[in-house]
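Quick note: the coordinates plus some simple rules give every number you see, no bench work behind them. Keep in mind that this is a model prediction, so the values were computed, not measured. Don't worry about glycine lacking a Cβ; one is built from the backbone with ideal geometry, like all the others, and counts go over all protein chains shown.
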Amino acid sequence: MTIKTPFEFFEVTADVGFRAHGQNLEEAFENAALAVFDTITDTKKINKRLSKRITIESEDEKALLYDWLTELLYLHDSEYLVFYKFRVKIRREKTDKYVLEADASGEEFNPSIHEIRDEVKAVTFHLMEIQRLNGYTVQVILDI
């Protein structure tokens with residue numbers, strides 16, 4: 001079996017695109033979040049000083065991915081937080097809603113420690129994909 005990296009970036013005009021991989025949907029969502037923050041800064045330099053509990057409910061898997069990454073960007077923009085580690089659990093309710101519960105570990109952004117890379121303005125639905133083949137791959141385009 002070929003071991004895939006957690007995520008890789010691909011060329012998109014004026015934006016940032018990535019594909020995140022996982023053995024299951026939860027791991028793919030964790031790696032997608034890591035790719036977002038690796039776009040913003042060097043995630044290897046983020047320490048665990050705090051943890052945020054996040055709960056999201058959406059109508060389908062794509063909307064859940066969009067809402068998850070958008071919530072993380074909101075926390076970055078409003079509380080200046082950067083994250084490097086995620087623990088995600090996803091379940092489907094009897095009402096067919098998807099619920100994501102996650103813990104995100106990180107700290108407040110500090111420009112003297114954290115490299116400034118790209119400012120991510122938004123997550124987009126453009127070319128968003130969730131594929132299941134020998135695990136999961138999610139594809140996301142970020143507006144920068």
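Details
- Cross-link partners of LYS44 among aspartates and glutamates (Cα-Cα below 17 Å; sequence separation of 8 or more within a chain): GLU8, GLU30, GLU107, GLU108, GLU115, ASP118
- Estimated dipole of the stretch 7-143 in Debye, rounded to 20 [Cβ of Lys and Arg +1, of Asp and Glu -1, Cα centre]: 520 debye
- Cα-based Kirkwood hydrodynamic radius, the chain, one decimal, Å: 15.3 Å
- Angle between the chain longest axis and helix 25-40 axis [Cα atoms, degrees, rounded to 10]: 30 degrees
- Relative contact order computed over the chain (Cα-Cα under 8 Å; 6+ residues apart), in percent: 32 percent
- Cleavage-rule hits (trypsin sites (Lys or Arg not before Pro)) in the stretch 2-77: DSSP loop, at most 15 neighbouring Cβ within 10 angstrom: LYS48, ARG49
- Three-way shape call for the stretch 100-141 based on the alpha-carbon gyration tensor, with the a/c threshold at 1.5: prolate
- With Cα atoms, 0 to 90° folded angle of helix 61-79 axis to the chain main axis: 20 degrees
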